[in-house]
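Notes follow once the structure below has been shown.
The values are calculated or read from the model by the stated rules, or taken from the named source; none is laboratory data. Since the structure is predicted, the reported quantities are computational estimates derived from the model, not experimental observations. Ideal geometry is used to build each Cβ from the backbone, glycine not excepted, and the neighbour counts take in all protein chains shown.
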Amino acid sequence: MVNKKRKEKKKVVSQNWEKYRILLIELKQKISREIRHLTEENIAKSQRDASGEISGYTYHMADMASDSFDRDFSYTLVKNEQELIYLIDEALSKMDSGGYGICEFCNKKITKKRLKAIPYAKNCLNCQEEEEKRIRKEAR
Ligand SMILES: [Zn+2]
């Protein structure tokens, strides 16, 4: 294995991202815990359902509906949170390779305020708003 030493000029890390790195890592841990919790809860729930503990009872339609709603809901939640983890990882690797805090669309700096609120943001507020407008239009 060739350990390719990066000869290219080291990107000057003009920004000190440590604060944001900590934010991201903490967020990632929190989300991982939530995913684990949701997953365990769901597994327990389906095992309970499958074991027929509740056989003998008549399932109320309403119960069934809300049950499957719960499951869909937490499934979506897990999916969203997994996407978040992906974004966080991306942001963390950008901190090392350079490019963190730069909008992927217009290459402008993302404001500190935005990064503080969404440390894994990959676009600036302007581009985000444009994107949302576009999505809303498409949804129509
Ligand atoms: Zn932008």
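Regarding residue 125, is this residue modelled with pLDDT under 95, within 28 Å of residue 29 (Cα to Cα) and in contact with a helix residue (DSSP H, G or I) (Cβ under 8 Å, 6 or more places away or on another chain)? Quick ask: steps written out before the conclusion?
Working: modelled with pLDDT under 95: no; within 28 Å of residue 29 (Cα to Cα): yes; in contact with a helix residue (DSSP H, G or I) (Cβ under 8 Å, 6 or more places away or on another chain): yes.
In short, no.
Among the residues of the stretch 93-127, which ones are in a helix (DSSP H, G or I) and either under 19 Å from residue 83 (Cβ atoms) or among the aliphatic types (A, V, I, L, M) (or both)? Spell out how you get there, then give the answer.
Step one: list which residues in the stretch 93-127 are in a helix (DSSP H, G or I), which gives 93-97, 112-117, 125-127.
Answer for the stretch 93-127, where residues must be in a helix (DSSP H, G or I) and either under 19 Å from residue 83 (Cβ atoms) or among the aliphatic types (A, V, I, L, M) (or both): 93, 94, 95, 114, 115, 117, 125, 127.
Has the stretch 44-61 got at least one residue that is in the same structural domain as residue 30 (by TED's automatic domain parsing), out of contact with any strand residue (DSSP E or B) (no Cβ under 8 Å at 6 or more places or on another chain), at pLDDT 80 or above and hydroxyl-bearing (Ser, Thr, Tyr)?
yes
Being at pLDDT 90 or above, surrounded by 12 or more Cβ atoms within 10 Å (Cβ to Cβ) and touching a helix residue (DSSP H, G or I) at 6+ places or on another chain (Cβ under 6 Å): is that true of residue 31 here?
Numbers: at pLDDT 90 or above: yes; surrounded by 12 or more Cβ atoms within 10 Å (Cβ to Cβ): yes; touching a helix residue (DSSP H, G or I) at 6+ places or on another chain (Cβ under 6 Å): yes.
Yes.
Can you work out which of the residues in the stretch 122-140 that are more than 10 Å from the ligand (Cβ to nearest atom) and among the hydrophobic types (A, V, I, L, M, F, W, C) is surrounded by the most Cβ atoms within 10 Å (Cβ to Cβ)? Reasoning before the result, please.
In the first step, residues of the stretch 122-140 are kept if they are more than 10 Å from the ligand (Cβ to nearest atom); the result is 132-140.
Now narrow it down to the ones that are among the hydrophobic types (A, V, I, L, M, F, W, C): 135, 139.
Values: 135: 10, 139: 6.
Among those residues, the one meeting the criterion is 135.
For the stretch 75-87, check the following and say yes or no: at least one residue is over 30 Å from residue 49 (Cβ atoms), of a type in the set (S, T, N, Q) and more than 16 Å from the ligand (Cβ to nearest atom). Break it down stepwise before answering.
Start the filter on the stretch 75-87 by keeping residues that are over 30 Å from residue 49 (Cβ atoms), which leaves 86-87.
Filter once more, keeping what is of a type in the set (S, T, N, Q): none.
No, because not a single residue in the stretch 75-87 is over 30 Å from residue 49 (Cβ atoms), of a type in the set (S, T, N, Q) and more than 16 Å from the ligand (Cβ to nearest atom).
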